[in-house]
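S.K.: One structure, as structure tokens, below. Some questions next.
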Amino acid sequence: MIWTLWLGLFAALLGSVAADTYNDPDTGLTYSQGFGLYKVDGRGITVRIAIPSGVEANTAYDAVVQVVVPTDVGWGGLAWGGSMTKNPLLVFWRGSNNSPVLSSRWSSGHTTPIPYTGATYTLYKTGTKSNSTHWQFTALCSGCTAFTGDSGLRYISPRGGNRLAFAYSPTKPSSNSNTSAITVHEVHGYWNHDFTSASNSNFVAAVAKFQK
């Protein structure tokens, strides 16, 4: 009985996400952030998103995504539409030169995601760094907030909550190519990300100062 309860707790903890707001001194932006737990010892992937203020509903807009990744992560993933299928996927890992590798992907079913040209990522030196336990990247995404899903054209709301998802695998892809094959993830989770608190009136000016 105790073993059964422990397994239930373990399953509930893995993939759980906590959310709050983060003011980043490096980029000068305010992010809404979620923390996706993939190990019961507290290890998790932090996903931060910043968007421009004044964005109208049902429109496409650029977003800055900043992710903090523990060094034991082989590859991680972010699903902008909150599921594996039919929405922009960001797959990321640390290359052999310790530089982040960002891969834009898409999956029409529960199969290995393929390269996706509908969303593009600009990686910046600003807000990208590492230490002995974690590495972090900051990138601008164009094409992540509007996409065609099962029900037609879908927009990520600039106000209120949107369901996002993350994935974790301990196995790193074999090369620095952003089209490298990836293994099946071991943990995934979902959360409701507050885009209202991700709004920034200085978004355009701040991004213009980022170093590539």
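S.K.: Across region 156-172, what is the total count of residues that are surrounded by 17 or more Cβ atoms within 10 Å (Cβ to Cβ), closer than 16 Å to G36 by Cβ and not aromatic (F, W, Y)?
M.R.: Going residue by residue through region 156-172, those that are surrounded by 17 or more Cβ atoms within 10 Å (Cβ to Cβ) are 156, 158, 162, 164-169, 172.
So of that shortlist, the ones also closer than 16 Å to G36 by Cβ come out as 162, 164-169.
With not aromatic (F, W, Y) added as a condition, the list becomes 162, 164-165, 167, 169.
Qualifying residue count for the region: 5.
S.K.: Okay, moving on. Of a type outside the set (D, E), more than 20 Å from G34 (Cα to Cα) and touching a Leu at 6+ places or on another chain (Cβ under 9 Å): which single residue out of S151, S99, S132 fits that description?
M.R.: Result: S99 is the single residue among S151, S99, S132 that is of a type outside the set (D, E), more than 20 Å from G34 (Cα to Cα) and touching a Leu at 6+ places or on another chain (Cβ under 9 Å).
S.K.: Inspect region 42-55 for any residue being modelled with pLDDT under 95, of a type outside the set (G, A, S), loosely packed, with under 12 Cβ neighbours inside 10 Å and more than 13 Å from the chain's Cα centre (by Cα) and give the result as yes or no.
M.R.: Checked region 42-55: no residue is modelled with pLDDT under 95, of a type outside the set (G, A, S), loosely packed, with under 12 Cβ neighbours inside 10 Å and more than 13 Å from the chain's Cα centre (by Cα).
S.K.: Also: For residues that are surrounded by 18 or more Cβ atoms within 10 Å (Cβ to Cβ) and closer than 30 Å to P25 by Cβ, tally how many sit in region 173-196.
M.R.: 5
S.K.: Moving on to the next point. Applying the selection to region 78-106, what residues are closer than 18 Å to H193 by Cα and not small (G, A, S)? Steps first, answer last, please.
M.R.: The first filter runs over region 78-106 and keeps only residues closer than 18 Å to H193 by Cα, leaving 78-84, 87-90.
Listed by number, the residues that qualify are L78, W80, M84, N87, P88, L89, L90.
S.K.: Okay, moving on. Looking at T111, T120, T59, can you tell me which residue is free of Cβ contacts under 8 Å to residues at least 24 places away in the same chain, within 25 Å of G28 (Cβ to Cβ), surrounded by fewer than 18 Cβ atoms within 10 Å (Cβ to Cβ) and not aromatic (F, W, Y)?
M.R.: Just one listed residue meets the conditions, T120.
S.K.: Filtering region 96-107 down to residues that are small (G, A, S) and surrounded by fewer than 17 Cβ atoms within 10 Å (Cβ to Cβ), which residue is nearest to Y121 (Cα to Cα)?
M.R.: S99
S.K.: In addition: Given the condition under 21 Å from L29 (Cα atoms), without any contact (Cβ under 8 Å) to a residue 60 or more places away in the chain and either among the aromatic types (F, W, Y) or not in a strand (DSSP E or B) (or both), answer yes or no: does some residue in region 68-87 qualify?
M.R.: Here is the first cut: in region 68-87, the residues under 21 Å from L29 (Cα atoms) are 68-69, 78, 80.
Filter once more, keeping what is without any contact (Cβ under 8 Å) to a residue 60 or more places away in the chain: none.
Checking region 68-87: not a single residue is under 21 Å from L29 (Cα atoms), without any contact (Cβ under 8 Å) to a residue 60 or more places away in the chain and either among the aromatic types (F, W, Y) or not in a strand (DSSP E or B) (or both).
S.K.: While we're looking at this one, here's another question. If you take the residues of region 103-148 that are of a type in the set (S, T, N, Q), under 16 Å from the mean Cα position of the chain (by Cα) and outside any loop (DSSP other than H, G, I, E, B), which of them is nearest to I182 (Cα to Cα)?
M.R.: Restricting to residues being of a type in the set (S, T, N, Q), under 16 Å from the mean Cα position of the chain (by Cα) and outside any loop (DSSP other than H, G, I, E, B), the top hit is S103.
S.K.: Turning to a different aspect of this structure: Just checking, which of A208, A165 is at pLDDT 95 or above and within 23 Å of T126 (Cα to Cα)?
M.R.: Going through A208, A165 in turn, the sole match is A208.
S.K.: Sticking with this structure for a sec: What single numbered condition from (1) acidic (D, E); (2) within 20 Å of V47 (Cα to Cα); (3) surrounded by fewer than 12 Cβ atoms within 10 Å (Cβ to Cβ) fails to hold for D150?
M.R.: For D150, the failing item is (2).
The values are calculated or read from the model by the stated rules, or taken from the named source; none is laboratory data. None of these values were measured; they are calculated from a predicted model. Here the Cβ is made from the backbone with ideal geometry for all residues, glycine too, and neighbour counts use every protein chain on show.
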